[in-house]
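Peer 1: My structure is below; once you've seen it, I'll send some questions.
The values are calculated or read from the model by the stated rules, or taken from the named source; none is laboratory data. Remember, predicted model here, so these are calculated numbers, not experimental data. Methodologically, a virtual Cβ is constructed for each residue, glycine included, from the backbone with ideal geometry; neighbour enumeration extends over all protein chains shown. We work out accessible area using only protein heavy atoms, side chains counted, and drop any ligands, DNA or RNA first. Shrake-Rupley method; radii C 1.70, N 1.55, O 1.52, S 1.80 Å.
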Amino acid sequence: MIWYHGGWGWGGWFFMAMFMVLFWALVIAGIVALVRYLTGARQDRRSGRPPSSGEPGWGSRRAEDLLAERFARGEIDDDEYKRRLALLREHR
């Protein structure tokens with residue numbers, strides 16, 4: 001009897017439909033977020049970026065790698081490379 005005389009009537013169907021749309025929207029958004037997270041982590045590994053963990057000193061090693069790349073490309077000369085490398089190692 002609750003479905004016919006004492007229930008919510010059409011209002012109940014409306015709220016049920018809205019709840020289902022919201023539920024499936026959250027499920028799809030969760031799947032999209034998971035896929036983006038997993039593919040983003042894989043792209044970080046391919047690009048050679050260091051992990052964003054709390055590992056001490058990884059930032060200074062990356063800075064030294066970038067400095068070495070600039071030296072290899074000829075953007076900086078030998079004296080500037082040595083001076084900047086010493087500065088980086090001094091502030092570790």
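Peer 1: Considering only the range 28-38, I want to know if a residue exists there that is surrounded by 10 or more Cβ atoms within 10 Å (Cβ to Cβ) and at pLDDT below 70.
Peer 2: For the range 28-38, residues surrounded by 10 or more Cβ atoms within 10 Å (Cβ to Cβ) and at pLDDT below 70: absent.
Peer 1: So, one more: Any idea which of A86, A41 is in a helix (DSSP H, G or I), at pLDDT 90 or above, of a type outside the set (V, I, T) and open to solvent by less than 90 Å² (accessible area, probe 1.4 Å)?
Peer 2: Values: A41 fails: at pLDDT 90 or above.
A86 is the lone residue from the list that is in a helix (DSSP H, G or I), at pLDDT 90 or above, of a type outside the set (V, I, T) and open to solvent by less than 90 Å² (accessible area, probe 1.4 Å).
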